[in-house]
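Undergrad: After the structure tokens below, expect a handful of questions from me.
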Amino acid sequence: MRYAPLLLLPTLLLASCHGQNTPTVTTYTSTSGTVRELGTPGANDMVAPTTAWTGGAGTIQATVADAGTQGATSASLASNGTFTLPLPTNVKTRSLSSDEFTLPGSEELGCAGTPTVSDPAARFAVLNVNVSAGKQGPVDPVRISFTGTVNAPTGLSIESGAFLYADRPVSITGTQTCTLTESGETYTLTSSLNMTLGQGWNKVTATEIINDSGASLNLTSGTFPTEEWVYLDGSALTSAAVHRAASKLPAGLKPFKFSDLR
């Protein structure tokens, strides 16, 4: 599986609990949007700007994470970046997993708290979306912003949208707090899940706020942070994030990534 160059959410540990009813939610069979590119924040920008797509016409493809081209769908990408993409309807059982939210190494981190899933038999899959044109690579609904003030930035906020497939209606809620000690300093990761999913493809948003004392990590369902699908070119992402240094992370926090929600 591929990961975005920036830090994203770590995977979270799910535990089962007795079943409960979940409300009706919106699921999706297609998605439309506009591919954009990240610009360089100006001196007074608190949100990293986006600019017009410069990769020209081509194709856009949706694949289920770790399933290769199995069940992949594709559509035309217009020269201005607009598209309408059908989502895969044939999600194989072998592509489904309950491990999307498992945190590797949680014992070493010292984690407390266990988010719960309303149906322990629920299985999930994540959608990867990529463009192939004059530029090639992943695209996601992403918004990057700075916390604090222009003159005194305190951290970095990364909001990333994805389609999450659930094989049945299910809710996932709860929090988890992990700590990491490095060079005599203790850092805290606070993770929170608040999702109500329907059977099929659901919109979810992963939000990570990073500062010099750790990170807060949140996963919610129902919306994307933006309807702009940002081309995740590594150099552009790095430029947008470090143009104005928002925080200095401990090395131990840098490997944490959401397993499939890049």
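Readers should treat all values here as calculations from the given coordinates under stated rules, not as data from a laboratory. As the structure is a prediction and not an experimental result, all values here were calculated from the model. Backbone-built Cβ (ideal geometry, glycine too); neighbour counts: all protein chains shown.
Undergrad: Gain in length, SER97 to GLN70, computed as 0.36 nm per residue apart minus the alpha-carbon separation, to one decimal in nm?
TA: Here the segment from SER97 to GLN70 would lengthen by 8.1 nm.
Undergrad: For VAL126, list long-range residues whose amide hydrogen, built 1.01 Å from N in the peptide plane, is under 5 Å from its own amide hydrogen.
TA: ALA65, TYR165
Undergrad: Would you mind calculating the gained length between SER79 and THR190 on full extension (0.36 nm times residue separation, minus the Cα-Cα distance), in nm to one decimal? Numbers along the way, then the final one.
TA: Numbers: separation 111, 0.36 × 111 = 39.96 nm, distance 4.13 nm.
Value of the extension gain: 35.8 nm.
Undergrad: Moving on. Amide H neighbours of ALA48 under 5 Å, counting only residues 5+ apart in sequence or on other chains, H built in-plane at 1.01 Å?
TA: It is ILE144, SER145, PHE146, by chain and number.
Undergrad: Given a Förster distance of 51 Å, report the FRET efficiency between THR116 and ALA57 from their Cβ-Cβ distance, rounded to the nearest 0.05.
TA: It comes out at approximately 0.65.
Undergrad: As an exercise, use a Förster radius of 22 Å and the Cβ-Cβ distance of SER213 and ASN151 to find the FRET efficiency, rounded to the nearest 0.05.
TA: Working: r = 20 Å, r/R0 = 0.91.
Result of the calculation: an efficiency of 0.65.
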